[in-house]
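Derivation of every value follows stated rules applied to the coordinates shown; laboratory data play no part. The structure presented is a predicted model; accordingly, all values stated were derived computationally and were not measured. All Cβ positions, glycine included, derive from the backbone under ideal geometry; neighbour counts span all protein chains shown.
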Amino acid sequence: MHKIKVNLKERGYDILIGKGIVSGSRTLKDLVAGRRCLVITDSNVSKIYGLSVLRTLKNAGAESEIIPFKAGESSKNLETYGKLLRQACRAGLDRSSLIVALGGGVPGDVAGFVAASYMRGLNFIQIPTTLLAMVDSSVGGKTGIDLPEGKNLVGAFWQPSLVLIDPTVLTTLPKREIRCGLAEVVKYGIIMDEKFFSFLEKNLNGIKRMEQKTYGEIIARCCELKAKVVCADERETTGLRAILNYGHTFGHAVETVTEYGKYAHGEAVSIGMCMAANLAVLNHKFAPEMAMRQFDLLNALGLPTTLDSGIKPAQIYKAMFKDKKVANGKLRLVLPDRIGKVSIVKDAKPEDVMRAIEEVVV
Ligand code: ADP
Ligand code: ZN
């Protein structure tokens with residue numbers, strides 16, 4: 001069992017990681033006993049884990065209801081949000097009630113935003129069931145929904161009261177989803193932890209064989225690293241949190257140009273990290289051998305490291321300027337100095353950026 005304390009200024013919380021952690025958590029009982037809970041999840045996760053979560057909540061002394069919405073990013077919208085708010089009313093939730101977000105990033109974001117806004121804010125518990133949500137979206141307090149005009153345009157910072165992670169639920173997650181989570185895992189190694197990066201290189205077999213112990217350790221380390229960044233820059237004001245965007249300015253451009261169809265987020269981030277590493281070799285101080293280690297690890301994990309033909313590098317370059325994080329038309333890129341350390345580079349030459357993209361296009 002791993003326990004990670006997220007020490008925020010106003011109020012901290014625990015992340016508990018381990019087999020059976022959802023049903024066996026004492027902290028869960030302390031939080032929910034005698035209260036009403038609304039479990040918000042998607043249609044797939046509801047079928048596989050809905051019943052056991054309801055049972056756990058009941059054993060913990062809570063009275064609960066579960067509301068599933070149609071699985072998929074397209075449900076992360078105003079309509080789902082509105083329906084959930086009204087269902088929260090009908091379920092009789094008051095200010096002492098809790099929201100339980102069960103599922104991947106989509107239920108986590110939507111349920112978190114319901115929790116942030118219903119009656120000006122309820123306590124909520126995150127039970128992430130995808131690797132991506134376990135290592136990334138469930139820690140950090142970002143909640144929200146998409147608008148037809150763009151992704152994550154409405155939301156709030158709202159921290160959970162508890163995060164419960166049982167790595168055994170990854171056994172039912174499709175392999176592609178696992179790979180996508182692993183892209184973010186590699187990202188943590190590059191941006192802040194060389195030792196962790198080596199751990200990944202050494203434990204490839206365990207990762208591929210879905211060994212519980214290996215995943216438990218990976219998830220715990222990523223949560224620790226993310227918690228560290230989030231605590232230093234809770235609301236994205238000091239700029240520290242920007243390092244989490246490594247590979248993302250390039251990656252988001254890949255997602256935009258391919259219209260969010262061809263590559264899943266983690267796959268686009270993998271390609272984006274390759275572009276960023278190329279640029280860091282050209283324009284920064286990153287050693288080619290280190291770029292090669294990143295490339296090899298991503299490849300070994302089955303993640304894409306090249307971009308299929310048909311996509312023009314200039315399209316990617318142009319799309320990079322549409323990123324939310326571009327300030328005053330200037331690219332602020334997170335580039336590695338070495339494995340385990342990155343800097344923000346504001347003066348990358350356009351021709352170098354183009355070249356870094358071209359090297360990934362086959
Ligand atoms: P993320 O943004 O974290 O990738 P999503 O919420 O988009 O997550 O979930 C991705 C897909 O995986 C959805 O179809 C969801 O229903 C499904 N899913 C989530 N967790 C599990 C799980 N543990 N087992 C099987 N399918 C899951
Ligand atoms: Zn990401």
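Here are the numbers for the structure shown:
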item	result
Burial ordering of Leu57, Leu335, fewest other beta-carbon atoms within 10 Å first	Leu335, Leu57
Helical contribution to [θ] at 222 nm, DSSP H n ≥ 4, -39,500 (n - 2.57), averaged over the chain, rounded to 500	-13500 deg cm²/dmol
Estimated distance in nm for a label pair at Thr172 and Met210, the labels positioned 7 Å out from Cα along Cα-to-Cβ	1.2 nm
Antiparallel bridge percentage (DSSP; both residues within the chain; nearest 5)	40 percent
Percent of beta bridges antiparallel (DSSP, segment 2-172, rounded to nearest 5)	30 percent
Percentage relative contact order, the chain, counting C-alpha pairs under 8 Å, at least six apart	15 percent
Cα-projected label distance for Lys330 with Lys285, points at 7 Å along beta-carbon direction, nm	2.1 nm
Rounded D (µm²/s) - segment 2-172, Kirkwood Rh over Cα pairs, Stokes-Einstein at 37 °C, 0.692 mPa s	210 µm²/s
Furthest towards positive pole of dipole, Tyr260, Ile357, Thr172, structure part the chain, Cβ charges	Thr172
For segment 248-325, Kirkwood radius (reciprocal of mean inverse C-alpha pair distance, Å)	12.7 Å
Coil-residue GluC sites (Glu not before Pro) of segment 1-100, DSSP, other Cβ within 10 Å capped at 16	Glu10
Between segment 291-308 and segment 1-71, the alpha-carbon center distance in angstrom	35 Å
Separation of alpha-carbon centers, segment 147-169 and segment 96-139, rounded to whole Å	5 Å
Protection-proxy order for peptides 232-238, 41-47, 128-134, each taking the mean of Cβ atoms within 10 Å per residue, highest first	128-134, 41-47, 232-238
Square roots of five times the Cα gyration tensor eigenvalues for the chain, Å	35, 22, 18
Cβ charges +1 (Lys, Arg) and -1 (Asp, Glu), total dipole of the chain, debye	780 debye
